[in-house]
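Inspection log for the structure reproduced underneath, given as structure tokens.
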Amino acid sequence: MRQKNWHDQHIESMTFGQKLADMIATGMGSWKFIIWQTVVVVIWMFLNVVALMQHWDPYPFILLNLVFSTQAAYAAPLIMMSQNRQAARDRVQAQDDYTCNIEAKKEIEALQIHLSKIETEKLDKIMEMIQELKAKQ
């Protein structure tokens with residue numbers, strides 16, 4: 001079984017509201033949302049200017065402005081909640097990365113000490129062999 005990392009633990013600890021806020025923020029921050037919203041606005045304006053149907057929101061589109069204001073009033077706090085959670089996740093990840101880097105540094109330092117000892121032992125052995133060769137000559 002795989003050990004859970006910080007990201008898995010974070011996902012499991014999220015409430016329904018937090019997951020919903022993240023989904024809304026992700027959706028509203030996409031090109032798909034911008035394109036669909038633009039299509040709806042163009043159709044809304046076209047139908048009200050051309051008057052194929054009864055004018056339910058004549059120019060200057062006060063109802064459309066109210067809809068956008070309401071959307072912004074709900075979207076902004078949801079997006080901010082999602083950003084705050086992302087910042088918290090980033091802090092946890094940064095701390096996890098820092099801890100991992102410290103452990104890796106300790107391991108690298110231990111390896112360097114070990115390699116230095118091996119190098120010293122090799123040099124000592126080479127010097128010993130040179131001394132023996134000089135003694136034989």
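FYI, it's all coordinate maths here, none of it is from the lab. These numbers were taken from a predicted model, which means no experiment stands behind them. Virtual Cβ from ideal backbone geometry, glycine too; neighbours counted across all protein chains shown.
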With Cα atoms, 0 to 90° folded angle of helix 31-50 axis to the chain main axis = 10 degrees
Using alpha-carbon positions, what is the distance between the centroids of the range 52-130 and the range 1-34, in Å?
-> 15 Å
Cα axis of helix 16-28 to longest principal axis of the chain: angle in degrees, 0 to 90, nearest 10?
-> 80 degrees
Under a point-charge model restricted to the Cβ atoms of Lys and Arg (+1) and Asp and Glu (-1), what is the dipole moment magnitude of the range 16-101 relative to its Cα centre, in debye to the nearest 20?
-> 80 debye
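Could you order peptides 81-87, 125-131 by the average number of other Cβ atoms within 10 Å of their residues, highest first? Don't jump to the answer; show the numbers that get you there.
Working: 81-87: 14.6, 125-131: 10.0.
Highest to lowest by the protection proxy: 81-87, 125-131.
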Given a Förster distance of 35 Å, the FRET efficiency implied by the Cβ-Cβ spacing of PHE16 and HIS55, rounded to the nearest 0.05, works out to 0.30
Which of ASP124, ASP57, ASP96 fluctuates most in a GNM of the chain (C-alpha springs under 10 Å)? That residue is ASP124
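Counting only helical runs of four or more DSSP H residues, what would the 222 nm mean residue ellipticity of the chain come to if each run contributes -39,500 (n - 2.57) and the total is spread over all its residues?
-30500 deg cm²/dmol
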Picking from GLN93, GLN18, GLN112, which is most flexible by a Gaussian network model of the chain using Cα springs under 10 Å?
-> GLN112
